[in-house]
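First the structure, then my questions, so here it is.
The values are calculated or read from the model by the stated rules, or taken from the named source; none is laboratory data. For clarity, every value in this text was computed on a predicted model and none was experimentally measured. When we count neighbours, we look across all protein chains shown, and the Cβ atoms used for this are built from the backbone with ideal geometry, even at glycine. When the accessible area is computed, the model is the full protein with side chains, heavy atoms only, and any ligands, DNA or RNA have been set aside. Shrake-Rupley method; radii C 1.70, N 1.55, O 1.52, S 1.80 Å.
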Amino acid sequence: MASEKKDELIFFVNGKKVVEKNVDPETTLLTYLRRKLGLCGTKLGCGEGGCGACTVMISKFDIFQKKIIHYSANACLFPLCALHHVAVTTVEGIGSTKTRLHPVQERIAKSHGSQCGFCTPGIVMSMYTLLRNQPEPKMEEIEDAFQGNLCRCTGYRPILQGYRTFAKDWECCRRNVNGQGCCMAGKGNAMDQGCGKKIVNGSGCCMNGKEDNTELISSALFSPSEFQPLDPTQEPIFPPELLTHNNKPQEQLCFKGDRVMWFLPSTLKELVSLKAQYPDAKLVVGNTEVGIEMRLKNMLYPVIIAPTWIPEMNSVQHRKEGICFGASCTLSHIEEVLRKAVAELPSYKTEVFQAVLEQLRWFAGPQIRNVAMKEWYGNEDKNNLYVYFQALGGNIMTASPISDLNPVFMASGSKLTLISNEGSRTIKMDETFFTGYRKTILKPQEILLSVEIPFSRKGEYFSAFKQASRREDDIAIVTCGMRVLFQEGTDRVQEIKLSYGGMAPTTVMAGKTCQELIGREWKEDLLQEACHMLASEMNLSPSAPGGMVDFRRTLVLSFFFKFYLTVLQKLNIELNGNNNLGETVPARYASATELFHKDPVDNVQLFQTIEDTVGRPLMHLSAAKQASGEAVYCDDIPHYENELYLTLVTCVGHIIGGILADTQEHSRRAARAVKITYEDLTPIVTIECCSHHSLRKKGKEVMSLSTRRLREMYLGGQEHFYLETHCTIAVPKKEEGEMELFVSTQNLTKTQEFVANALGVPSNRIVVRVKRMGGGFGGKESRSTIVSTAVAVAAVKNYQNNCNSMDSPQLKDRIVSSNSKQILKVLGGPSTEVGFKKNGRITSLDVLYYSNGGNSADLSFGVMDRAVFHMDNSYNIPNIRGVGKVCKTNLSSNTAFRGFGGPQGMMVAECWMSDIALKCGLPAEEVRKLNLYNEGDLTHFNQKLEGFTLRRCWEECLKNSDYHSRRKLIDEYNRQNRWKKRGMAIIPTKFGISFTIPFLNQAGALVHVYTDGTVLLTHGGTEMGQGLHTKMIQVASRTLGIPTSKIYISETSTNTVPNTSPTAASVSADINGMAVFILAAYQDCVSLSATGFYRIPDLNYDPEKNEGNAFAYFSYGVACSEVEIDCLTGDHKNLRTDIVMDVGTSLNPAIDIGQIEGAFVQGVGLFTLEELRYSPEGNLYTRGPGMYKIPAFGDIPTEFHVSLLRDCPNKKAIYSSKAVGEPPLFLSASVFYAIKDAIIAARQESGLKEPFRLDSPATPERIRNACVDVFTKMCPPAKPGTFKPWSVRV
């Protein structure tokens, strides 16, 4: 019997030794760091290893590789028990604002790469780990290091720009105009003129022809010459004690908690014995799957065995037939070994290795590859007692039907060595290995010991393909491994294996097809017959789990076609001169065989320099604290004595109660134990189901003179995906019903009001405090009140029940991202029409909008109002009618998102605009320009356009993007390539600035001047990453005439500035900045404290009369984007984007450009990537980063150019500035319509020239299905109504 004694856990954190005598195997490293050690720099974001906010560096002496290794890991999944004899480094351990920032921390801060800052510590640690392993990395290595990190604010560009200064292939700023202004020339030249990039006409710098204004233009948002150099010799040393431990024999350890035992065997014999003793035990290496199951799926594994110390399971052996890897080898180590083999061995022997490397290239992020593997696919069968490893072996033994590597292992015939107390055996991984969903042929007591990946032979070719919703760190939709062996010297098939994932409950082999292809020549007729057989054999039920049935079936054929072309290319080379080979790859088809490649990001940011505090690219004032982990968020506040935790109990997304407990784990566990019984009724989920039960309609109407019918368009919703989830701390006081709340909210006033009402006390008893938020985007404007009110009620109830306690109990709650989004549908039909002339001039529009509001109104009416206000986008339409209806459904209530309906209304306008251009046979940019407003025109709500700069933005964007020359190059590219197409679109935006509810357009501010000359400033806006506090300090600095260093903003609170408006609608800088300006203007030498108040004047729109001003002013912008699509898979690359934005006279160009880029990339998610998927019963499938994909580092345009329009002061806002938070988001529609432009080119190859429907987002599924060709025709869709779909469009 194995010993069950409890052993000591010994490890180091930031150089300090930790000895833990009472280890709970259910405790993660993140929990221990934050609660036991008080190191809160490492953040809890998603809790499933998908966002990277919890990234730390793990260091250990690898006894198998005989060296110290450093690797990044997700602390939220890393088991505390796995830390024995390991060193952990957190963001606090590398630098501090109190001592010295590490160069990694300094550069992300000074390059403006930190906005809300919640993701920043994780990104810092990913970069730090890379530099510990590679002090002079390549730019590609830097981008790869961030595949496991997400950021919702910045748009990624400033992070990459700051960190590329570490790269050995960094080319400085290349700002060599006039021979001066280089970023490395010294601090004095940091703001010199010139952009240094040749982006106009391809023949010179963008500054050409601007001699008169050269001194006013800059592209230097920061100066690399100010950066500290990286000195690898100054990094903390690896603890010597851990080196001495590795000279001693390892002993088996056992850590025992209340519910789980964790064993660390040291020999294979001990492992086999433990498995015999505990046949139901889980075996883990990285914990990436078991950790997710235990935390998110409420599963329990009483015995866990970690075989990380066993030599046989970590060895790498080069054998005659291939390379044998121990089952505990991490994927990163396998990648390293295979890369070396590919470099050293003849290419014909490494076909399989190259396929494995291609799959690993897109396999999760480094944090996961470094320790294990990662899968998300349904729920584990609780009766399945087989063993799953979390490294190479785990990838096989989890038996996931969408595994990236299992199709490769199956098609290659990899050999598996199994061992148990009965002995060992070796089997080939073939079509018999998987016996059912998550089941294999292994016996319960057997353990996977090793995997041998074979060498390929001469005349043998191998390819692997994977298609996912997002290329980086995403699970596969369909994946495959394909192998063919030819008879020597011929193109006649001797063996062929086609293995697919994502097409059945297991990884499957297309056995019938393979059998039929043996003996056939590799020619066109084989291709045709193979595709027909695969279409039949790899069929799917239209109700298949995962949905996307037509897309998945088409991918099977597309992948084989790619494989066919790839092999044909290689045969042409190998059999060159053989007259028996009659087939060649057509030149127009060659690009279909190219593997995905993306160049490092290149960027230009241009702005007008001003020698003043206001207008300088000042660094975000919290950036350094955020980079060092010192910035305090709601959940970082030190724990109160007697603090309790609340977990809300939900049913189908609706809150029905809550559980209080002493720890978060106990609260969460108890909430999952609640059994809910309810009566099943037919739910109303979709807009179609409730279009006759709308809550209210809003319309702006005139006579319609339409001539053509509009087609229907659907715009999907979007999760806010702020990395800091909802959090509230409620602290009851002992007097008069007082309560203090620390809340992550954009709306202090409503939080205060709702809590007061719920507790039955006046509002003056409730104080709400907000220091900063880790993102908001509208999701914390109204929905946060649900959490804060529930927490407040529970805190008071608990306090009353424990009134004899000497200490007041506090209550804390955390909840994952709210299901908050905007879903808009435009219905075609008799009442939805557009009129236009042959030259493309729009004469009339009649459009009907429906939105899915969910089960309550929330802000949906305001969202619909703004959508209808923006239904013209930037176009003058003489006759227009728009009607909006908000539909009540049984979904969780939807709410505001950045843009508040404006992007949705404008998106529809661009839909009919592009269709009209196609119908008229005219260039889309000409039709758009023809219909643009002019200065002095009236909008459809009769507001006069003053200071109309859109046409300037349009012309400058055309010039900067070199639109017309590149249009010709794109057309030529499309003529030369059949299966890849490029497209380009230029899109304008006109965004109204103000709350559409007039009384919200006001703000207050409070200033205290102290005797030492310092100033404490408070205003009504909240800081959520948009740099509002930084701008307000700049405004106060200029107004008061004192340095910014003398001014401090501590927080936003209801007891300093009352009745604040939500920080939303992009007006926070306008109204709060003006309030700061006004209070300072009235300051005198007597009063050292003053308040200021401001409201936006002349907002008097009357919807009944359709007159008056609905908005204070408009922000304008234009974007031009170019994309490349893979017509066979639906994949796309964002090649280039040029943006010209009118922000008036910028208060802070660095912050404004950051807001533009961040909004743009968030919009790229909205229009091309992020998809909410619901069951027919209304359950949301896409929860968390495992299923819901926001843009990653690799999704931003390869060339990203942003220019702020010059000389365009705005007389209606503080210091001539303009709002910038929301207006740029819609510019990402240029990517959507560039994709549509590319699809048009693809459809023309099939003879299709009429307008077609493309709903948003333009996912790979929608792109591929729209590129109609011979393969899509082989996979016709099932007839609607004949089956129950897995998901429905709501």
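Please state which of the following conditions residue 818 fails to meet, knowing it meets all the rest: (1) at pLDDT 90 or above; (2) open to solvent by 10 Å² or more (accessible area, probe 1.4 Å); (3) of a type in the set (Ser, Thr, Tyr).
(1)
Pairs please, first residue from the range 900-915 and more than 22 Å from residue 1221 (Cβ to Cβ), second anywhere and open to solvent by 10 Å² or more (accessible area, probe 1.4 Å) and outside any helix (DSSP H, G or I), Cβ atoms under 6 Å, 6+ apart in sequence or on different chains.
912/710; 915/1251
Still on this structure, I have one more. Hey, residue 266 hits all of (1) surrounded by 15 or more Cβ atoms within 10 Å (Cβ to Cβ); (2) under 39 Å from the mean Cα position of the chain (by Cα); (3) at pLDDT 90 or above but one; which does it fall short on?
Exception for residue 266: condition (2).
Further question: Look through the range 1255-1290, keep the residues that are in contact with a Cys (Cβ under 8 Å, 6 or more places away or on another chain) and part of a loop (DSSP other than H, G, I, E, B), and return whichever of them is farthest from residue 1163 (Cα to Cα).
Looking at the filtered set, the residue picked out is 1274.
Considering only the range 1252-1260, I want to know if a residue exists there that is surrounded by fewer than 21 Cβ atoms within 10 Å (Cβ to Cβ), over 15 Å from residue 1119 (Cβ atoms) and of a type in the set (Ser, Thr, Tyr).
Looking for residues that are surrounded by fewer than 21 Cβ atoms within 10 Å (Cβ to Cβ), over 15 Å from residue 1119 (Cβ atoms) and of a type in the set (Ser, Thr, Tyr), one finds none in the range 1252-1260, hence no.
Got a number for residues in the range 1015-1063 being within 28 Å of residue 766 (Cβ to Cβ), assigned to a loop (DSSP other than H, G, I, E, B) and either of a type in the set (Val, Ile, Thr) or open to solvent by less than 20 Å² (accessible area, probe 1.4 Å) (or both)?
Going through the range 1015-1063 one residue at a time, the tally reaches 13.
I'd like to know if the range 602-617 contains one or more residues that are buried (at least 18 other Cβ atoms within 10 Å of the Cβ), within 30 Å of residue 1276 (Cβ to Cβ) and touching a residue at least 24 places away in the same chain (Cβ under 8 Å).
Checked the range 602-617: no residue is buried (at least 18 other Cβ atoms within 10 Å of the Cβ), within 30 Å of residue 1276 (Cβ to Cβ) and touching a residue at least 24 places away in the same chain (Cβ under 8 Å).
Do any residues in the range 1218-1236 that are under 26 Å from residue 1028 (Cβ atoms) and of a type outside the set (Lys, Arg) have Cβ atoms under 6 Å from those of residues that are part of a loop (DSSP other than H, G, I, E, B) and open to solvent by 10 Å² or more (accessible area, probe 1.4 Å), where the two are at least six apart or on different chains, and which pairs are they?
Sorted first by the residue in the range 1218-1236, then by its partner, the pairs are 1219/1066; 1221/1026; 1221/1066; 1222/898; 1222/1066; 1225/898.
Would you say residue 649 is open to solvent by less than 30 Å² (accessible area, probe 1.4 Å), within 23 Å of the chain's Cα centre (by Cα), among the aliphatic types (A, V, I, L, M) and at pLDDT below 90?
no
Quick one: what pairs do we get from the range 422-445, first residue free of Cβ contacts under 8 Å to residues at least 24 places away in the same chain, second assigned to a loop (DSSP other than H, G, I, E, B) and open to solvent by 80 Å² or more (accessible area, probe 1.4 Å), C-beta under 8 Å, 6+ apart or different chains?
Taking only residues 6 or more apart or on different chains, the pairs are 441/432.
For the range 623-646, how many residues are open to solvent by less than 30 Å² (accessible area, probe 1.4 Å), aromatic (Phe, Trp, Tyr) and not in a strand (DSSP E or B)?
So the count comes out to 1.
All but one of (1) within 26 Å of residue 1107 (Cα to Cα); (2) in contact (Cβ under 8 Å) with a residue 24 or more places away in the chain; (3) surrounded by fewer than 16 Cβ atoms within 10 Å (Cβ to Cβ) hold for residue 935; state the number of the condition that does not hold.
Status for residue 935: all satisfied but (2).
Also, quick follow-up: Tell me yes or no: at least one residue of the range 86-104 is open to solvent by less than 30 Å² (accessible area, probe 1.4 Å), at pLDDT below 95 and under 24 Å from the mean Cα position of the chain (by Cα).
Within the range 86-104, not a single residue is open to solvent by less than 30 Å² (accessible area, probe 1.4 Å), at pLDDT below 95 and under 24 Å from the mean Cα position of the chain (by Cα).
Also, I was wondering about something else. Taking the range 1127-1141, which residues are surrounded by fewer than 24 Cβ atoms within 10 Å (Cβ to Cβ) and among the charged types (D, E, K, R)?
Selection gives 1131, 1133, 1136.
Only one of these is modelled with pLDDT of 50 or more, farther than 30 Å from residue 74 by Cβ and open to solvent by 20 Å² or more (accessible area, probe 1.4 Å): 230, 221, 243, 216. Name it.
The match here is 216.
Then there is this: Do the conditions hold for residue 878, that is, is it modelled with pLDDT under 90 and open to solvent by 10 Å² or more (accessible area, probe 1.4 Å)?
Spelling it out, it is not the case that residue 878 is modelled with pLDDT under 90 and open to solvent by 10 Å² or more (accessible area, probe 1.4 Å).
Against the definition (outside any loop (DSSP other than H, G, I, E, B) and surrounded by fewer than 24 Cβ atoms within 10 Å (Cβ to Cβ)), how does residue 1157 come out, yes or no?
No.
Right, next: Being more than 25 Å from residue 1200 (Cα to Cα), hydrophobic (A, V, I, L, M, F, W, C), buried (at least 21 other Cβ atoms within 10 Å of the Cβ) and free of Cβ contacts under 8 Å to residues at least 40 places away in the same chain narrows it down to one residue among 1242, 1266; which is it?
After ruling out the rest, the residue left standing is 1266.
In this structure, does residue 1234 turn out to be out of contact with any Phe, Trp or Tyr (no Cβ under 8 Å at 6 or more places or on another chain) and at pLDDT 95 or above?
yes
Taking residue 1118 as the residue in question, decide whether it is within 30 Å of residue 1077 (Cβ to Cβ) and touching a helix residue (DSSP H, G or I) at 6+ places or on another chain (Cβ under 6 Å).
no
From the residues in the range 6-63 that are part of a strand (DSSP E or B) and among the hydroxyl-bearing types (Ser, Thr, Tyr), which one is surrounded by the most Cβ atoms within 10 Å (Cβ to Cβ)?
55
Residue 1178 fails exactly one of the following numbered conditions: (1) buried (at least 23 other Cβ atoms within 10 Å of the Cβ); (2) over 22 Å from residue 713 (Cβ atoms). What is the number of that condition?
(1)
Which numbered condition trips up residue 1011, out of (1) of a type in the set (Val, Ile, Thr); (2) touching a helix residue (DSSP H, G or I) at 6+ places or on another chain (Cβ under 7 Å); (3) open to solvent by 60 Å² or more (accessible area, probe 1.4 Å)?
With respect to (1) of a type in the set (Val, Ile, Thr); (2) touching a helix residue (DSSP H, G or I) at 6+ places or on another chain (Cβ under 7 Å); (3) open to solvent by 60 Å² or more (accessible area, probe 1.4 Å), residue 1011 is out only on (2).
Another question, if that's okay. So, in the range 1172-1208, of the ones that are more than 21 Å from the chain's Cα centre (by Cα) and hydroxyl-bearing (Ser, Thr, Tyr), which residue ends up nearest to residue 119 (Cα to Cα)?
1203
Do we find a residue being out of contact with any helix residue (DSSP H, G or I) (no Cβ under 9 Å at 6 or more places or on another chain) and within 27 Å of residue 1066 (Cα to Cα) anywhere in the range 899-912?
yes
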